[in-house]
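The values are calculated or read from the model by the stated rules, or taken from the named source; none is laboratory data. None of these values were measured; they are calculated from a predicted model. Cβ: placed from backbone, ideal geometry, glycine included. Neighbour counts: every protein chain shown. Calculation scope for accessible area: heavy atoms of the full protein, side chains included, ligands and nucleic acids excluded. Shrake-Rupley method; radii C 1.70, N 1.55, O 1.52, S 1.80 Å.
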Amino acid sequence: QKEVEQNSGPLSVPEGAIASLNCTYSDRGSQSFFWYRQYSGKSPELIMFIYSNGDKEDGRFTAQLNKASQYVSLLIRDSQPSDSATYLCAVRPGGGADGLTFGKGTHLIIQP
Amino acid sequence: DTAVSQTPKYLVTQMGNDKSIKCEQNLGHDTMYWYKQDSKKFLKIMFSYNNKELIINETVPNRFSPKSPDKAHLNLHINSLELGDSAVYFCASSQEGIIQYFGAGTRLSVL
């Protein structure tokens, strides 16, 4: 079974510091990788997606992908209390399958 | 203008009842989905559907059936509701495999 693993947390980070969120996946043929943020009682919001090995930056967010290690990470620089949420890693499987497989999410708490 | 809208937001019903959740997207996307998020916040795909093909997650009971009257709508019909069906159900759509928007979710409580 194709799986996406995340540490459930909570991960507590001081305001202004870098938050580092990690994710591993089992399907080596996976095509693309996504990070979503979900506030309590709300729907997931897409933060970033990445297809190629390396880093992709968007504002305070950087996604990192290492396909050889089957590892995806999300860095949040200058963390703000409003970044406190659950962060969901999602993977689009290979083989032409549609839809995303989600991890169970990491609960991030930014301490003022 | 909401990209993906679903109704109702809350649904409380008795075991054994049949219910439907509606979803509409105005993004012109070809593919729509239903996801279930359980009490532990685990988000699992139930169905993906484009106008040609329905793909069903094999773990979904056949009491659940998607119905698509047109490309912009994918409704979820649930027969003979069970306690374990209580969850939040999210609709979503994608273009080129990127799910940019989810609906606001339908919180289903089966009593």
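Before moving on, here are some points about what is shown:
- Length added when fully stretched, residue A:68-residue A:11, from 0.36 nm per residue minus Cα-Cα: 17.9 nm
- Taking the chain by itself as reference, segment B:55-104 contains these residues with an accessible-area loss of 10 Å² or more in the full protein complex (1.4 Å probe, heavy atoms): B:55, B:90, B:96, B:97, B:98, B:99, B:100, B:102, B:104.
- Projected label distance in nm at residue B:15 and residue B:63, using a 7 Å step from Cα toward the beta-carbon: 0.9 nm
- The A-B contact accounts for roughly 1500 square angstrom of buried accessible surface, both chains included, probe 1.4 angstrom.
- The label-point distance for residue A:75 and residue B:83, in a model that sets each label 7 Å from Cα toward Cβ, rounds to 4.8 nm.
- Percent RCO, i.e. relative contact order, over chain B, from Cα pairs under 8 Å lying at least 6 residues apart: 38 percent
- Percent carbon-and-sulfur accessible area, the protein assembly as shown, ignoring ligands, DNA and RNA, probe 1.4 Å: 48 percent
- Taken over the alpha carbons of chain B as equal point scatterers, the Debye sum produces base-10 log I(q)/I(0) values at 0.10, 0.15, 0.22 Å⁻¹ of -0.25, -0.58, -1.25.
- Anisotropy class of chain A from Cα gyration tensor, a/c 1.5 cut: prolate
- One quarter of the surface of the convex hull around the alpha-carbon atoms of the protein assembly as shown equals 12.4 nm², the direction-averaged projected area.
- Based on C-alpha pairs under 8 angstrom that are at least 6 apart in sequence, segment A:1-92 has a relative contact order of 37 percent.
- In nm, spacing of pseudo-spin labels at residue B:71 and residue A:20 (7 Å Cα→C-beta vector): 4.5 nm
- Accessible surface computed residue by residue for segment A:1-106, with neighbouring protein chains in place and a 1.4 Å probe, gives 46 Å² per residue.
- Summarising the strand pairing of chain B, around 90 percent of its internal DSSP beta bridges are antiparallel.
- Solvent exposure of chain B as accessible area per residue, Å², 1.4 Å probe: 52 Å²
- Along segment B:22-27 the Karplus relation, 6.51 cos²θ - 1.76 cosθ + 1.60 evaluated at θ = phi - 60°, assigns HN-Hα couplings of 9, 9, 9, 10, 10, 9 Hz to successive residues, with x for each Gly and Pro.
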